[in-house]
Amino acid sequence: MNHILEAPFVREMCHITANMYRMGWDERNGGNISWILEETAVTQYLDPNEVLRTLPLSFDASALAGRYLIVTGTGRYFRNVERCPQENMGVIRIAQDGRSYDILWGFEHGGKPTSELPTHLMNHIARLRVDPQHRIVMHCHPANILAMTYVHDLDDRAFTKTLWRMSTECIVVFPEGISVLPWMVCGTNEIGEATAEKIRDTRIVLWAAHGIFGTGRDMDEVFGLIETVEKAAEIYMKIGGREIRQSITDAELAALCKEFGLTPREGYLDL
Ligand code: 2HA
Ligand code: ZN
């Protein structure tokens, strides 16, 4: 059996958490990632019959029965994942009845998956229904997007349109827009359900005064989405309420979509 520390999915998790930390998105134990892995990728490195621990789930995750995921650990720091992967993350498999999961690797010294695991799993289920190639949920705390949730209207359409106007790239990267949730207690099934409700339509959901939830097929897609949203928020915060003399019009946004063969979220552009 190959050594799991050399597995591409472990290397990729180390690389992405280190990058997210350096972006300033994951202070202390902030942020979490989960990634659905193909069984064949996992069994090259782990014996699927060797279960280290089994832990309960507080909701029905049977839509993910038998799925393997690599997940960051609760209370763990992204800053430390690269130098000690086995303590700061682990590989789990969802039980057939969707009421528990097995730990197959990692979470050493009594660790556990992220406190946001219910939210992650609910959002994997919701995204897989609309995109069978969906694989990743990434949560983090970028400063500008957080700041923006204090000073901007939290309406999905209004928030999306402001971001779209902050940089030409935005509507091209997220033509479906983004969704926003008002402040809620994190780590609960309730925030998981509310996020999953919105994630069907948009790969990004913002949590006011907390952070961002991004989803996608691979790390480049999710990281790129969050990076683009955060950059747009940075521009908005740099403008800082000063008078906007010119911007990108809705007609120009529509022209951009036409050029790139994209369909913007229906009803968002006033043409
Ligand atoms: O893992 O970011 O939302 C710490 C958090 C909780
Ligand atoms: Zn958080």
Taking R0 as 30 Å, what FRET efficiency do you get between E243 and M23 from their Cβ-Cβ distance, rounded to the nearest 0.05? 0.50
Once the in-chain neighbours fewer than 8 apart are removed, the lysines whose Cα is under 25 Å from K238 read K161
What number comes out for the charge environment of V229, summing +1 per Lys or Arg and -1 per Asp or Glu over other residues with Cβ under 12 Å away? -2
If the elastic network links every pair of Cα atoms under 10 Å, which of T119, T162, T149 fluctuates the most in the Gaussian network model of the chain? T162
Roughly how many nanometres apart are two label points built 7 Å out from the Cα toward the Cβ at C186 and K258? 4.3 nm
Helix 8-22 versus the longest principal axis of the chain: what is the Cα-based angle in degrees, 0 to 90, to the nearest 10? 50 degrees
Are there trypsin sites (Lys or Arg not before Pro) in the stretch 181-271 that DSSP puts in a loop and that have at most 10 other Cβ atoms within 10 Å, and which ones? R242, R245
Net lengthening on full extension, A158/T43 (0.36 nm per residue, minus Cα-Cα): 36.8 nm
Estimated dipole of the chain in Debye, rounded to 20 [Cβ of Lys and Arg +1, of Asp and Glu -1, Cα centre]: 360 debye
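Can you work out the FRET efficiency for the pair L55 and A208, with r the C-beta to C-beta distance and R0 = 22 Å, to the nearest 0.05? If you can, show how the numbers build up before the last one.
Working: r = 30 Å, r/R0 = 1.37.
In this case the efficiency is close to 0.15.
Given the Cα-Cα distance of E6 and Q86 and 0.36 nm per residue of separation, how much length would full extension add, in nm? List each step's numbers first, then the result.
Numbers: separation 80, 0.36 × 80 = 28.80 nm, distance 1.20 nm.
Result for the pair: 27.6 nm of gain on full extension.
Report relative contact order for the chain in percent, whole number only (criteria: Cα-Cα under 8 Å, sequence separation at least 6).
18 percent
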Run lengths n ≥ 4 of DSSP H only: what is the helix-derived mean residue ellipticity at 222 nm for the chain, with -39500 (n - 2.57) per run over all residues, to the nearest 500? -12000 deg cm²/dmol
Which residue fluctuates the most in the chain, going by a Gaussian network model with Cα springs under 10 Å, if the choices are N32, N189, N123? N189
Reachable aspartates and glutamates from K231, criterion Cα separation under 13 angstrom, eight or more residues apart if same chain: E169
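Every read-out reported here was derived from the displayed coordinates using simple, explicitly stated rules and does not represent laboratory data. Predicted model only: the values in this text are computed from it and were never measured. Don't worry about glycine lacking a Cβ; one is built from the backbone with ideal geometry, like all the others, and counts go over all protein chains shown.
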